[in-house]
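J.: Mind looking over this structure? Questions follow.
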Amino acid sequence: MKNLNLISNFAEFKELKNIDKSTMIEVLEEVFRHALQKQYETDENFDIIINPDKGDLEIWRNRVVVADDEVENPTSEISLTEARKLDETYDVGEEVAERITLESFGRRAVLSLRQNLASRILDLEKANLFEKYKDKVGEIVTGEVYQVWKKEVLILDDEENELLLPKSEQIPSDFFRKGDTIKAIVSRVEMINNTPKIILSRTADEFLERLFEQEVPEIFDGLITIKRIARIPGERAKVAVESYDDRIDPVGACVGMKGSRIYSVVKELRNENIDVVNYTANTQLMIQRALNPAKISNIMLDSEKRTASVYLKPSEVSLAIGKGGLNIRLASMLTGYDIDVYREVEEEDVNLEEFADEIEPWIIEELKNVGCDTAKSVLEIDPAELASRTDLEDETIAEIRNILKAEFE
């Protein structure tokens with residue numbers, strides 16, 4: 001029969017629309033049966049034979065031969081005279097299979113059938129696309145930039161499906177031109193007005209995690225686990241990793257020889273600075289590692305309020321805070337604690353000569369003779385030892401200590 005361009009491209013539909021043969025046959029049969037019901041008020045005595053490999057479709061109407069004056073239902077019965085026009089050997093009671101051509105439906109019916117078929121295939125394509133990418137949420141996909149708009153970028157995958165990368169999901173330093181190849185993670189898939197909307201992201205923590213899985217075999221194989229990620233896209237990130245094999249250094253494995261592994265991740269993220277640290281369940285130690293490269297002197301934790309007071313030498317404070325406060329922000333994100341940084345107050349020592357108006361000169365001279373020429377040097381020596389090393393009385397030593405202590409209170 002003449003297909004009128006309806007089904008001559010089964011193979012093309014299968015290849016481009018990702019529709020399997022069985023589903024295509026089911027859709028075609030349903031569409032044609034709907035057309036038969038409109039044309040003949042029933043489709044019960046019709047056989048539809050579809051060969052998607054060749055693009056062939058045949059419709060056969062089955063009717064029972066009855067005497068010329070006994071035809072009550074022309075759809076299911078055929079007169080003996082009409083039957084013998086098809087084949088002279090037919091007789092009453094036999095079944096006649098007659099092939100139906102599309103032309104017999106009429107031009108308007110064929111147009112409606114074509115529109116119905118196109119609509120059903122489009123709906124099927126949308127449903128398949130939705131299911132396909134619904135299963136890919138959290139995975140990295142690669143596509144080609146097709147159009148760049150102010151608020152989003154349109155990307156085509158290898159099957160020319162449309163994917164969207166909103167501006168809010170782009171790294172601030174991202175810049176794309178038409179034809180660029182782009183990597184991103186499938187963030188979410190929505191069905192809006194029966195049309196799937198596939199949203200990608202390059203700012204999600206999972207994107208950084210998937211990139212590490214691609215570059216570090218030990219993570220992909222499960223020997224190393226990424227426990228936590230804190231990230232300010234395009235600026236800096238901190239990744240806490242843990243190894244299940246004592247022989248594997250998780251930080252070294254992630255960084256690679258001379259930074260070879262982490263370089264690919266950094267490059268993909270537009271030179272985002274990435275710190276990899278060893279994970280630990282010890283909160284104090286985790287905070288210390290998270291604030292690297294700053295050296296911490298002391299940490300006071302409040303587990304209920306999830307706050308940490310960190311004390312450092314003045315020279316270390318700027319390192320802990322980082323440029324623009326990035327280091328401390330990321331450390332807080334990584335550990336789950338609000339971190340406050342405090343400078344350690346370093347008390348200055350005072351020369352004994354400064355106490356000449358309170359301590360007699362000969363006593364000062366006696367102390368200097370045993371190597372004590374500053375207030376702190378005197379206070380650091382046990383009173384009994386100081387008495388044994390000098391000719392001073394215990395009461396005198398106690399009085400001197402009180403005078404010196406008052407200087408630092």
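The values are calculated or read from the model by the stated rules, or taken from the named source; none is laboratory data. Values in this document were obtained by computation on a predicted structure and should not be read as measured data. Ideal geometry is used to build each Cβ from the backbone, glycine not excepted, and the neighbour counts take in all protein chains shown. Quick note on the areas: whole protein, heavy atoms, side chains included, nothing else; ligands and nucleic acids left out. Shrake-Rupley method; radii C 1.70, N 1.55, O 1.52, S 1.80 Å.
J.: Could you list, in sequence order, all residues of the stretch 244-288 that are buried (at least 16 other Cβ atoms within 10 Å of the Cβ), under 16 Å from residue 213 (Cβ atoms) and touching a Ser or Thr at 6+ places or on another chain (Cβ under 8 Å)?
T.: Correct list: 250, 253.
J.: Would you pick out the residues in the stretch 101-133 that are open to solvent by 50 Å² or more (accessible area, probe 1.4 Å) and outside any helix (DSSP H, G or I)?
T.: Answer for the stretch 101-133, where residues must be open to solvent by 50 Å² or more (accessible area, probe 1.4 Å) and outside any helix (DSSP H, G or I): just 101.
J.: Which fully enclosed strands (runs of 3 or more DSSP E) of the stretch 140-232 have 1 or more residues being among the basic types (Lys, Arg)? Write out each step before concluding.
T.: Details: elements: 140-148, 152-156, 162-166, 181-192, 195-201, 224-232.
Because the criterion is at least 1 residues that are among the basic types (Lys, Arg), the strands (runs of 3 or more DSSP E) in the stretch 140-232 that meet it are 181-192, 195-201, 224-232.
J.: For residue 151, work out the one condition from (1) modelled with pLDDT of 95 or more; (2) open to solvent by 60 Å² or more (accessible area, probe 1.4 Å) it doesn't fulfil.
T.: Going through the list (1) modelled with pLDDT of 95 or more; (2) open to solvent by 60 Å² or more (accessible area, probe 1.4 Å), residue 151 breaks only (1).
J.: From 365, 316, which residue is assigned to a helix (DSSP H, G or I), without any contact (Cβ under 8 Å) to a residue 24 or more places away in the chain, touching a Lys or Arg at 6+ places or on another chain (Cβ under 7 Å) and not hydrophobic (A, V, I, L, M, F, W, C)? Write out each step before concluding.
T.: On the way: 365 fails: touching a Lys or Arg at 6+ places or on another chain (Cβ under 7 Å).
Exactly one residue qualifies, and that residue is 316.
J.: Taking the condition of being in contact (Cβ under 8 Å) with a residue 24 or more places away in the chain, within 26 Å of residue 270 (Cα to Cα) and basic (Lys, Arg), how many residues in the stretch 120-179 meet it?
T.: Total satisfying the criteria: 3.
J.: Then there is this: Taking the stretch 368-393 as the search range and keeping residues that are in contact (Cβ under 8 Å) with a residue 12 or more places away in the chain and hydrophobic (A, V, I, L, M, F, W, C), which one is surrounded by the most Cβ atoms within 10 Å (Cβ to Cβ)?
T.: 375
J.: Same structure, new question: Residue 305 fails exactly one of the following numbered conditions: (1) in a helix (DSSP H, G or I); (2) under 30 Å from residue 238 (Cβ atoms). What is the number of that condition?
T.: Residue 305 satisfies every listed condition except (1).
J.: I would also like to ask the following. Would you mind stating whether residue 35 is open to solvent by less than 30 Å² (accessible area, probe 1.4 Å), in a helix (DSSP H, G or I), without any contact (Cβ under 8 Å) to a residue 24 or more places away in the chain and not hydroxyl-bearing (Ser, Thr, Tyr)?
T.: Values: open to solvent by less than 30 Å² (accessible area, probe 1.4 Å): yes; in a helix (DSSP H, G or I): yes; without any contact (Cβ under 8 Å) to a residue 24 or more places away in the chain: no; not hydroxyl-bearing (Ser, Thr, Tyr): yes.
Taking the combined requirement at face value, the residue does not satisfy it.
J.: Taking the options 159, 144, 139, 218, name whichever one is open to solvent by less than 50 Å² (accessible area, probe 1.4 Å), acidic (Asp, Glu) and either over 19 Å from the mean Cα position of the chain (by Cα) or modelled with pLDDT of 95 or more (or both).
T.: Values: 159 fails: open to solvent by less than 50 Å² (accessible area, probe 1.4 Å); 144 fails: open to solvent by less than 50 Å² (accessible area, probe 1.4 Å); 139 fails: open to solvent by less than 50 Å² (accessible area, probe 1.4 Å).
Of the residues listed, the single one that is open to solvent by less than 50 Å² (accessible area, probe 1.4 Å), acidic (Asp, Glu) and either over 19 Å from the mean Cα position of the chain (by Cα) or modelled with pLDDT of 95 or more (or both) is 218.
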